[in-house]
Amino acid sequence: MTATPLKGSDRTTAGPLADGTATSVRPRRRGRSAPYWFLVPALFLFAAFTVVPIGYAVWLSLHKVQVKGIGLGKGAREQVWNGLGNYTDVLHDSEFGHSVLRAFGYGLIVIPTMLGLALVFALMLDTPQARSAKFARLAIFLPYAVPGIIAALMWGFLYLPTVSPFYYLLREFNLPQPDLFDGGNLYLSFANIAVWGGTGFNMIVIYTALRAIPLEIYEAAKIDGASDLKIALRIKIPIVMPSLVLTFFFSVIATLQVFTEPMALKPLTNGLSGSWSPLMAIYDAAFFRSDIYGASATAVVLALATFALSFTLLRVSDRYTREDRA
Amino acid sequence: MSIHRHQFSRRSILAGAAAVGLTGTLAACGGSDDDSGKSSGPVKLTYWAWAPNMDKVAAIWNKKNPDITVTVSKQAAGKDIVSKLITAKKAGNAPDLIQVEYQSLPTLVSNDVLADISKYAKSAKSQFAEGLWAMVTLGTDAVYAIPQDSGPLMFFYREDLFKKHNLTVPATWDDFAKTARAAKKAVPDAYLTTFSANDPGLFAGLAQQAGAKWWTVGDGGKWTVGIDDAATKKVTDFWGGLVQEGAIDNQPMYTPAWSSALNKGTHLGWVSAVWAPGVLISSAPDTKGKWRMAPLPQWSAGEDVTGSWGGSSTGVSTDSKHAEAAAKFATWLNTDAEALAALVKEVSIYPAATKGQSGSVLTAPAFFPNQTDFYDTAAKIAATTAASAWGPNVQVAYDTFSDAFGKASKAKKSAQFDTALATMQSATFTDMKKQGFKVTEA
């Protein structure tokens with residue numbers, strides 16, 4: 001992993017802190033502990049708010065409650081060691097498995113659409129012909145600034161046939177009125193909210209990468225007779241590849257953690273179960289069923305799965321970008 | 001609780017915010033905020049309640065009792081407060097006083113959150129109907145809470161539209177089905193009401209009316225789970241049948257679409273509880289004076305029984321260092337004439353105490369100017385409330401209800417309603433067994 005994992009990271013090694021500097025400064029004895037002191041606040045916060053809670057969740061996940069008799073009154077319940085019992089339950093819980101599949105199904109719609117749109121918008125805004133680019137950029141980015149819960153509620157309102165202005169128009173023109181909360185449409189409905197809200201952010205990331213490309217490259221391409229489309233396909237997209245990988249990576253994680261949209265739309269329809277997405281299943285277990293132990297185990301499983309998936313994706317993209325370079 | 005119903009959708013919104021706090025909650029163990037110590041000052045009590053304006057009622061008490069000061073801390077309603085209380089108890093810092101829905105009492109007793117206050121509060125028994133008092137004792141000698149409000153089920157209907165379309169107010173559930181069909185015929189795009197899968201409380205109340213006993217404790221010290229008993233099956237088949245034939249709607253309650261249906265009159269009625277006027281004011285503001293309340297339809301003519309939907313009590317936590325003072329406040333709050341009047345006026349609840357259900361404080365709801373005897377009728381209906389039987393994992397049953405019956409109503413298949421009920425039974429039973437309860441199935 002030492003040899004430049006991503007193209008984009010080249011930049012950080014250039015400049016005053018590049019390789020040579022570390023050896024040129026002679027380390028002095030009394031300064032040796034100083035870096036660690038600087039690290040203390042960060043390490044403390046990391047320990048207090050990340051390591052300890054995760055450790056506690058893992059500890060909880062290995063326990064369960066044992067009720068005695070009819071379980072009323074003092075001493076009726078005690079926390080006992082459960083080994084990997086909760087984990088076996090999670091892996092055998094078909095409902096949780098389904099929730100993961102649903103999240104993937106949702107991701108299959110959201111990620112390509114959202115990143116595709118973000119890339120197209122970014123490329124369009126980057127062309128010299130683009131008019132009122134500033135306004136367009138802001139307009140596309142704006143939905144990202146709307147809190148997810150508000151966006152979900154707003155769309156939920158628009159999805160309900162009796163109160164939605166869209167359905168009013170459909171009725172007026174005698175067009176078919178699909179049930180947006182039914183079966184496959186449900187995925188499209190959620191995906192629509194996510195694409196609406198997320199495209200702007202991803203566009204900005206890609207656009208920023210595009211602006212960092214030196215103009216000489218375009219000039220050279222123009223002199224060689226490349227059209228704008230060719231420049232986009234042959235120069236811009238390959239150069240912003242690391243940004244695309246990054247946004248893809250964020251999107252995959254966000255997909256596995258989809259929560260706000262289904263949670264906000266759940267009260268509006270019969271078609272959504274309380275464990276529609278993995279995080280909803282965890283939330284449901286912890287806060288409605290008061291099964292903090294099972295919820296912890298599920299959370300640990302989900303975290304490990306996300307970690308494994310992220311790691312694999314990074315390795316794959318790493319290989320891809322290296323081969324690309326060779 | 002009307003207040004609780006109001007907040008239904010907001011609660012779901014807050015759910016997102018609460019999830020963010022997950023790790024924080026998990027880490028919040030240890031520590032205690034007991035501030036009594038050895039000081040000779042007044043006893044300070046904290047009271048977790050979600051009903052609005054509860055602090056105004058507590059202020060009356062504080063003025064009269066300088067030695068016991070109650071501070072109200074506003075909480076999220078219903079099922080959210082249960083998890084929060086169990087967590088607080090684990091951390092050893094549960095508040096002194098708690099507002100608890102009746103169906104959550106066994107869960108909280110099982111988690112040792114609620115203290116037995118029979119020593120201090122036994123005398124309050126005579127102030128309440130027997131069925132209500134049985135809910136706070138869980139059928140034992142202990143007293144775990146003082147009843148605060150109740151939600152007897154009733155049938156609300158649009159008087160004007162019933163007259164216009166010549167519909168009869170149903171006395172039995174058979175009539176109800178006939179009225180539903182007649183309404184559908186008279187106004188094709190309207191329904192008498194809906195079967196909503198997003199509030200299990202109504203279904204539980206309807207089953208209760210039919211005589212269901214979902215959780216019972218036998219003499220041998222063993223729970224029996226009977227959610228799919230004959231009474232509940234009857235209720236399930238009835239509503240499943242109506243949904244399948246399209247005589248009633250299948251959309252959930254508390255959605256913008258549902259409010260609009262009530263407001264526009266495409267729902268002609270609503271099976272609801274005594275707190276319904278409070279919901280109608282906000283959901284169907286244009287229909288003031290057009291509604292009327294009648295007793296809940298009966299399973300056989302001549303019967304006179306209803307179920308309840310919602311309602312809560314005031315309990316004292318096992319963490320409280322001042323159980324006696326807390327019990328004294330809880331008793332005052334729910335039985336004293338001045339407190340009851342304040343609860344009606346400020347918190348707009350329907351008091352559980354018998355003497356709170358009559359008298360000048362309860363004037364007809366402003367939304368029902370056409371029914372001046374609203375609360376007299378309500379008191380008569382309240383007296384016919386069937387006993388309820390709650391168990392220690394109501395949340396699991398409720399959760400399963402929403403998912404399973406949601407699916408069934410979406411499919412509009414009566415057979416799926418039966419499957420949903422079976423799922424509810426097995427999920428509840430399996431959960432209790434897994435936790436280690438001594439339990440059998442009915």
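Just so it is clear, none of the values below were taken in a lab; they were calculated from the coordinates. Fair warning: this is a prediction, and the values are worked out from it, not measured in the lab. For neighbour counting, all protein chains shown are included, and Cβ atoms are generated from backbone atoms with ideal geometry for every residue, glycine included.
Computed values, structure above
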read-out: Per-residue [θ]222 nm for chain B (sum of -39500 (n - 2.57) over DSSP H runs n ≥ 4, rounded to 500); value: -13500 deg cm²/dmol
read-out: Exercise: per-residue mean of other protein chain Cβ atoms within 10 Å, B:392-404; value: 4
read-out: Cβ-based exposure ranking for B:THR384, A:THR312, A:THR199, B:THR216, in which fewest neighbours within 10 Å come first; value: A:THR312, B:THR216, B:THR384, A:THR199
read-out: Sequence-distant lysines (8 or more away, or on other chains) whose Cα lies within less than 20 Å of B:LYS434; value: A:LYS64, A:LYS68, A:LYS74, B:LYS222
read-out: Computed helical MRE - 222 nm, chain A, DSSP H runs ≥ 4 contributing -39500 (n - 2.57), nearest 500; value: -20500 deg cm²/dmol
read-out: Cβ-based net charge around B:LEU343, under 12 Å, with every Lys or Arg adding one and every Asp or Glu removing one; value: -2
read-out: Of A:ALA221, A:LEU272, B:THR287, farthest towards positive along the dipole that unit charges on Lys, Arg, Asp, Glu beta carbons give the protein assembly as shown; value: A:ALA221
read-out: Three-way shape call for the stretch B:251-376 based on the alpha-carbon gyration tensor, with the a/c threshold at 1.5; value: prolate
read-out: Protection proxy ranking, peptides A:139-145, A:171-177, A:289-295, B:338-344, average beta carbon neighbours within 10 Å, highest first; value: A:289-295, B:338-344, A:139-145, A:171-177
read-out: Cross-link partners of B:LYS119 among lysines (Cα-Cα below 16 Å; sequence separation of 8 or more within a chain); value: B:LYS321, B:LYS328
read-out: Kirkwood estimate for the stretch B:98-224, i.e. one over the average of 1/r between Cα atoms, Å; value: 17.9
read-out: Rg/Rh ratio calculated on Cα atoms of the stretch A:137-256 (Kirkwood radius); value: 1.14
read-out: Surrounding net charge for B:ASP418, when Lys and Arg each add one and Asp and Glu each subtract one, Cβ distance under 10 Å; value: 0
read-out: For the stretch A:145-205 versus the stretch A:224-246, the gap between their alpha-carbon centres in whole angstrom; value: 32
read-out: Averaged over B:257-263, number of beta-carbon atoms from partner chains that fall within 10 Å; value: 3
read-out: Calculated on alpha-carbon atoms, Rg and Dmax of the stretch A:35-194 in Å; value: 25.0, 77
read-out: GNM flexibility winner over chain B from B:VAL396, B:VAL70, B:VAL136 (Cα, springs under 10 Å); value: B:VAL396
read-out: Vicinal HN-Hα couplings computed from phi for the stretch B:430-442 (Karplus, 6.51 cos²θ - 1.76 cosθ + 1.60; Hz; Gly/Pro x); value: 4, 4, 5, 5, 4, 6, x, 5, 7, 8, 10, 9, 5
read-out: For the protein assembly as shown, fraction of C-alpha pairs farther apart than 39 Å, in %; value: 46
read-out: Phi to ³J(HN,Hα) by Karplus 6.51 cos²θ - 1.76 cosθ + 1.60 over the stretch B:288-293, Hz, x for Gly, Pro; value: 4, x, 9, 9, 9, 10
read-out: The stretch B:36-115: C-alpha gyration tensor shape, a/c 1.5 cut-off, then a/b vs b/c; value: oblate
read-out: Chain A - percent relative contact order, Cα under 8 Å, separation 6 or more; value: 26
read-out: Cα convex hull of chain B - mean projected area over all directions, nm²; value: 21.0
read-out: Chain B - share of DSSP beta bridges that are antiparallel (%, nearest 5); value: 60
read-out: Protection proxy ranking, peptides A:149-156, B:94-101, average beta carbon neighbours within 10 Å, highest first; value: B:94-101, A:149-156
read-out: Shape of the stretch B:320-381, Cα gyration tensor, a/c cut at 1.5; value: prolate
read-out: Semi-axis lengths (Å, descending) of the ellipsoid that matches the C-alpha gyration tensor of chain A; value: 41, 35, 17
read-out: Share antiparallel - DSSP beta bridges, the protein assembly as shown, percent rounded to 5; value: 65
read-out: Average Cα contact separation per residue, chain B, under 8 Å, 6 or more apart, as relative contact order %; value: 25
read-out: Set of lysines near B:LYS413 by C-alpha distance (under 27 Å), chain-local residues within fewer than 8 positions excluded; value: A:LYS266, B:LYS178, B:LYS184, B:LYS185, B:LYS213, B:LYS233, B:LYS234
read-out: Packing-based exposure ordering (other Cβ within 10 Å, fewest first) of A:VAL205, A:VAL40; value: A:VAL40, A:VAL205
read-out: Separation between Cα centres of the stretch B:195-260 and the stretch B:107-171, rounded to whole Å; value: 17
read-out: P(r), alpha carbons of the stretch B:333-442 - 5 Å bins starting at zero, rounded %; value: 2, 10, 14, 12, 10, 9, 11, 15, 12, 4, 0
read-out: Local electrostatic count, B:SER300, Cβ distance below 14 Å [Lys/Arg +1, Asp/Glu -1]; value: -3
read-out: Nearest-ten-degree value, helix B:8-20 long axis tilted from longest Cα axis of chain B; value: 50
read-out: The stretch A:28-106 and the stretch B:362-382: distance between their alpha carbon centers, rounded to Å; value: 52
read-out: Average other protein chain Cβ within 10 Å of Cβ, residues B:242-252; value: 1
